[in-house]
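Report on the following structure.
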Amino acid sequence: MRPPRTLRRPRLLPAVAAVLLLATACGTERAGDDTGDGVGAASPAPRTPVTAPPVDGVRITAVTIPSATPTPRASDWSVHADSLPGDSGVSAAYEVTNDTTGALTYTVLFDFTTSAGEVMGNQRVTVPDVGAGRTVRGTVDLGVLAPGASPVTTVKVSRVTKVPAAEAPAGAGVCPASGIRVTADDGDAAMGLRVVGLRLENCGEKDYTLDGYPLLTLLDEDRAPVEGVRILHGGAGITTGTGYDDPPRAFTLKPGESAVSGLVWRNTTDAGTDPVNVPYVRIRATSGAAPVTLTPHLDLGTTGRLGVGAWKPAER
């Protein structure tokens, strides 16, 4: 009769500088949930406390990783819609501290990388309405890795943006008191041309009339106005065929209807001239509308020009 096996406790590694090194030996691999189908449940991987300096008020405080980050096989992706294969089990606990005098909404991009620095996945987390002097804590999960992905060993805060809570764009399913929700897409790029789409949704109960262009204020990292950039009406001053050259016309949005516009620019750079980066854009749908501050991260190069299209009804 074989003697019982002794389980070795995993060794926890300390944090290294501002990047969190997660060795493959710092936890046990998840074997699945005990759902009564004969599959036993393994102990969850332990959470490893870490010490790392904050990035713009955001700090990772602990990480969780199984003994090996599972990488799904291509055949694993033929599954039922209610199950996801290859969940990595990797997560990071974080805290957001607002040391300013006003409430802020934070958007944080977390990168999950290999030991060589290759990004295997990232997650964008919005932490709304963090009051002055407050600290808010949360957890971000890597989720499912793509087939063939390498093991994840590092978690870091890649980018942080923060806007006044009163000017933050409303999340999905949330309608501001104004009845108007303004958002931006992730943008498109081709041959040095950059385009970011804007969308205005009438989520309220009253009709909303538009006639003109979005009113823009370009802001730097400290949310101070950026000087030296010309805002052009339409995209023709940037290039042809952008789809944003139609002249403005008045139209009315019924509740539930939407309008679209867009920002167009080239990020070409001339030698000897510093490029202009615009992380924040404050937008008013009309002259009397409440401002919304978006974070499209415009890399304007040295052209000094940004085109904006007139509002037009969204295609149904």
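Structure values in brief
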| quantity | calculated |
| --- | --- |
| Cα centre as origin, Lys/Arg/Asp/Glu Cβ charges: segment 121-194 dipole, Debye | 280 |
| Nitroxide proxy distance, nm - points 7 Å out along Cα→Cβ at Ile231 and Arg134 | 3.0 |
| Equivalent ellipsoid, segment 152-204 (semi-axes from 5 times Cα gyration tensor eigenvalues, Å) | 27, 20, 10 |
| Karplus-derived HN-Hα couplings along segment 258-263 (A = 6.51, B = -1.76, C = 1.60, θ = phi - 60°), whole Hz, x at Gly and Pro | 9, 10, 10, 8, x, 10 |
| 1.4 Å probe accessible area per residue over segment 261-305, in Å² | 42 |
| Whole-percent carbon and sulfur share, accessible surface of segment 183-253, 1.4 Å | 46 |
| For segment 204-257, size of Cβ-based charge dipole, Lys and Arg +1, Asp and Glu -1, in debye | 180 |
| Eligible lysines near Lys206 by straight Cα distance, threshold 24 Å, same-chain separation 8 or greater | Lys254, Lys312 |
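The values are calculated or read from the model by the stated rules, or taken from the named source; none is laboratory data. It should be emphasised that the depicted structure is a prediction, and the values quoted were computed from it without experimental measurement. Quick reminder, even Gly has a Cβ in these numbers, built from the backbone with ideal geometry, and neighbours come from all protein chains shown. Please note that ligands, DNA and RNA were not included when accessible areas were found on the heavy atoms of the full protein model with its side chains. Shrake-Rupley method; radii C 1.70, N 1.55, O 1.52, S 1.80 Å.
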